[in-house]
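The values are calculated or read from the model by the stated rules, or taken from the named source; none is laboratory data. Treat the numbers as computed from the prediction; the structure is a model and nothing was measured. Neighbour counts run over all protein chains shown; Cβ positions are idealised from the backbone, glycine included.
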Amino acid sequence: EPEVTQTPSHQVTQMGQEVILRCVPISNHLYFYWYRQILGQKVEFLVSFYNNEISEKSEIFDDQFSVERPDGSNFTLKIRSTKLEDSAMYFCASTREEETQYFGPGTRLLVL
Amino acid sequence: RKEVEQDPGPFNVPEGATVAFNCTYSNSASQSFFWYRQDCRKEPKLLMSVYSSGNEDGRFTAQLNRASQYISLLIRDSKLSDSATYLCVVKTGRRALTFGSGTRLQVQP
């Protein structure tokens, strides 16, 4: 069964550093998403991406964040200058149509 | 008012018990409804979609009441492997998923 994959599984970084989180969505999917989950809290939407552009973003997704689909398979989330409060689990999701979203295993980001 | 509200639990039940979870949502324009399951430190996994007519998948039954903006999940004959956090999830139009905070279930031997 096809799966969404994410790398790295864990990332530790210093405050102010840039991080790039990578995702490989399911191959025939067209819609891509990033969500985050701070420890002990609910899953929160960050951004959705379709047809090589952002289709929707939340208030969390400020100028420090960007997304890119640099080739036909990868979908990345960049945080330009990390803050302590960016520490969270980041989940990538994809879907073929606008229905069931399939989630990757997540990247656990720790900002020190 | 929270967009999607759930009782956080935990629900501690013995194996074989029947347990029910409820959820309310605030946006009456919401169109798609789901229950996801999340194990500790893992990704959310779709358990089932929820339809107005109600739907069943094995031991799991989901119900939707649009008038009351209320969604439920019933688990019959609980197994130890059902222990997890159950997430009520709503989608409004073309928008992304909105998650509840989850209800934790612990099935005990």
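For region B:26-67, a tally of residues being of a type outside the set (D, E, K, R) and either outside any strand (DSSP E or B) or in contact with a His (Cβ under 6 Å, 6 or more places away or on another chain) (or both) returns 14. The combined condition, being closer than 19 Å to A:SER87 by Cα, aliphatic (A, V, I, L, M) and surrounded by fewer than 11 Cβ atoms within 10 Å (Cβ to Cβ), is not fulfilled by A:LEU46. Taking (1) in contact with a Gly (Cβ under 8 Å, 6 or more places away or on another chain); (2) on the phi > 0 side of the Ramachandran plot in turn, A:GLY106 satisfies each apart from (1). In this structure, does B:VAL4 turn out to be surrounded by fewer than 20 Cβ atoms within 10 Å (Cβ to Cβ) and among the β-branched types (Val, Ile, Thr)? In short, no.
Look at B:SER72 and say whether it is modelled with pLDDT of 95 or more and within 26 Å of A:GLY40 (Cα to Cα). Taking the combined requirement at face value, the residue satisfies it. Checked against the criterion of being closer than 19 Å to A:GLU99 by Cβ and more than 14 Å from every other protein chain (Cβ to nearest Cβ), the candidates B:ALA29, B:ALA17 yield just one match: B:ALA29. Go through the residues of region A:54-74 one by one and say whether even a single one is surrounded by 11 or more Cβ atoms within 10 Å (Cβ to Cβ), more than 29 Å from B:PRO8 (Cβ to Cβ) and of a type in the set (Phe, Trp, Tyr). No, every residue in region A:54-74 fails to be surrounded by 11 or more Cβ atoms within 10 Å (Cβ to Cβ), more than 29 Å from B:PRO8 (Cβ to Cβ) and of a type in the set (Phe, Trp, Tyr).
Just checking: which of the strands (runs of 3 or more DSSP E) contained wholly in region A:29-109 hold 2 or more residues that are farther than 22 Å from B:ARG41 by Cβ and not acidic (Asp, Glu)?
So the answer is A:31-37, A:43-50, A:53-57, A:65-68, A:75-79.
Among the residues making up region A:65-112, those that are farther than 25 Å from A:GLN14 by Cα, of a type in the set (D, E, K, R) and within 12 Å of chain B (Cβ to nearest Cβ) are A:GLU97, A:GLU98, A:GLU99. Does B:SER72 satisfy the condition of being within 12 Å of chain A (Cβ to nearest Cβ), within 19 Å of B:THR24 (Cβ to Cβ) and either hydroxyl-bearing (Ser, Thr, Tyr) or not in a strand (DSSP E or B) (or both)? So B:SER72 does not fit the description; no.
How do the pairs read when you match residues in region B:22-41 that are without any contact (Cβ under 8 Å) to a residue 24 or more places away in the chain and exposed (fewer than 13 other Cβ atoms within 10 Å of the Cβ) with residues anywhere that are part of a strand (DSSP E or B) and of a type outside the set (Val, Ile, Thr), using Cβ under 7 Å and keeping only pairs 6 or more apart or on different chains? That search, which allows pairs on different chains as well, returns nothing.
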